[in-house]
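Since the structure comes first, as structure tokens, the remarks are kept for the end.
The values are calculated or read from the model by the stated rules, or taken from the named source; none is laboratory data. Please read these numbers as outputs of a predicted model, since none were measured by experiment. Cβ placement follows ideal geometry from the backbone for every residue including glycine, while neighbour counts extend to all protein chains displayed. Side chains included, ligands, DNA and RNA excluded: accessible areas come from the protein's heavy atoms. Shrake-Rupley method; radii C 1.70, N 1.55, O 1.52, S 1.80 Å.
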Amino acid sequence: MSLPPRVLVPAAIDATPPALGGRIHEFVGETMGTTWRVHLVAAPTLRRVPVRLAIQSVLDAVVAQMSTWDPGSDLARFNRAAAGSWHALPEHFHAVLACAREVAEQSGGAFDPTAGALVDAWGFGPAPRQGVPDAATLSHARRTAGWRHLDIDPERRVLRQPGGLALDLSAIAKGFGVDLVARRLQALGIVHHLVEVGGELRGAGVKPGGRPWWVQLEQPDGDDSGERTLLALHGLSVATSGDYRRWFEHDGARYSHTIDPRDGRPIRHGLAAVTVIHADCMRADAWSTALTVLGPDAGAALADRLGLAARLLVRDGEGFVERRSAAFDALLE
Ligand code: AMP
Ligand code: MG
């Protein structure tokens with residue numbers, strides 16, 4: 001059965017519509033182990049090659065600085081560096097790490113940009129490992145991780161490697177990449193656009209004719225309730241974290257790629273998907289992961305306390321129960 005969609009609309013769609021004759025151009029590519037997609041409004045005569053190169057180079061810069069998978073990235077070199085060494089942080093890396101630390105603090109460590117060793121221990125990082133780690137591996141990873149070990153000198157923009165600290169910015173970098181592409185398009189004078197990297201989205205302006213960029217909120221596998229939620233992405237971003245995105249099964253148990261740094265184990269509550277709507281995609285991305293770790297009750301409570309627009313889908317038997325924050329409800333038309 002297919003129900004009419006629920007509709008989420010930000011306060012006012014006040015963009016000047018695109019000039020007459022503009023049409024939607026679509027670009028696609030690959031980055032961060034996933035795909036990117038950009039829709040933008042421009043004249044039919046738009047020179048496409050420079051635009052596609054501009055988008056790809058912005059995303060390549062994020063990978064070159066913050067990838068855990070590229071051994072040559074600034075982040076990977078930091079992770080391997082000797083104890084006591086100091087490392088210059090490129091501008092974007094510094095901005096993302098500063099935001100990550102803020103979310104770590106506000107979430108009581110549920111979100112942790114230093115969870116790299118834990119992510120590796122559970123086989124979700126670049127280290128060749130699979131399955132449940134033994135106790136020694138796990139306790140070693142827990143000892144090295146911890147956002148409080150982050151020693152950033154903001155004046156000189158340098159970061160100290162205390163020894164074995166492994167950064168992982170995978171829960172925030174995609175969203176940041178989306179923001180950066182959107183900023184680049186804006187700088188090129190392309191004010192009507194929809195940017196997506198691996199499911200995280202940001203929209204600005206409107207389509208030809210003045211209609212907003214409608215996007216459908218991500219549904220977990222198996223959610224066939226038929227209820228869809230559409231969001232008018234106008235000056236807004238949306239990101240979703242889900243236990244269905246990456247996981248493995250062992251002895252009948254399911255292990256998700258989202259780790260609770262507070263006990264060093266994949267999350268075990270029944271939260272299937274968390275969607276956060278925010279002006280910045282970087283923050284939407286980080287918070288969707290943070291609330292996922294916190295779980296249905298603490299996650300919903302913190303979203304309300306911080307005024308975050310969040311939707312949490314909790315597994316319930318064969319189906320899902322939805323929890324919405326007040327700020328999310330305020331967007332419902
Ligand atoms: P996302 O899909 O944005 O929720 O990001 C998930 C990825 O973030 C995982 O694959 C890990 O690399 C990393 N990660 C896992 N747990 C955490 C955590 N508690 N805090 C920050 N990053 C995490
Ligand atoms: Mg995230």
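Computed quantities for the displayed model
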read-out	value
Heavy atoms of residue 7 accessible to a 1.4 Å probe, total area in Å² rounded to 10	40
Dimensionless Rg/Rh of segment 143-186 - Kirkwood Rh, Rg from C-alpha atoms	1.11
Kyte-Doolittle at least 0.5, axis length at least 15 Å by Cα - qualifying DSSP helices, the chain	48-66
Order by protection proxy (mean Cβ within 10 Å, highest first), peptides 310-316, 161-167	310-316, 161-167
Prolate/oblate/rounded label for segment 44-95 (Cα gyration tensor, a/c 1.5)	prolate
Nearest-20 debye value, segment 105-261 charge dipole, Cβ charges on Lys, Arg, Asp, Glu	680
Distance histogram for segment 1-158 (every C-alpha pair counted, 10 angstrom bins, percent rounded to whole numbers)	8, 24, 27, 21, 15, 4, 0
Prolate/oblate/rounded call for the chain, Cα gyration tensor, a/c under 1.5 rounded	oblate
Cα shape, segment 255-333, gyration tensor, a/c 1.5 rule	oblate
Whole-percent pair-distance distribution, where bins are 10 Å wide, for the alpha carbons of segment 56-139	16, 39, 38, 7, 0
Accessible area (Å², 1.4 Å probe, nearest 10) - residue 246	100
Cβ crowding within 10 Å averaged over residues, with 63-75, 276-288 ranked highest first	276-288, 63-75
Reciprocal mean inverse distance between Cα atoms of segment 14-76 - Kirkwood radius, Å	13.6
Percent of C-alpha pairs per 5 Å bin, segment 85-186, short to long	2, 12, 20, 22, 20, 13, 7, 3, 1, 0
Dipole-positive endmost among 271, 28, 281 within the chain (Cβ charges, Cα centre)	28
Distance from segment 61-103 to segment 161-237 (C-alpha centre basis), Å	23
Heavy atoms of residue 102 accessible to a 1.4 Å probe, total area in Å² rounded to 10	80
Kirkwood hydrodynamic radius of segment 145-248, Cα pairs, Å	16.7
Given charges at beta-carbon only (K, R positive; D, E negative), |dipole| of the chain in Debye	760
Cα lying deepest toward the dipole's positive end in the chain, options 230, 208, 292, charges on Cβ	208
Positive-end extreme of charge dipole, the chain - chosen from 76, 198, 301 (charges on Cβ)	76
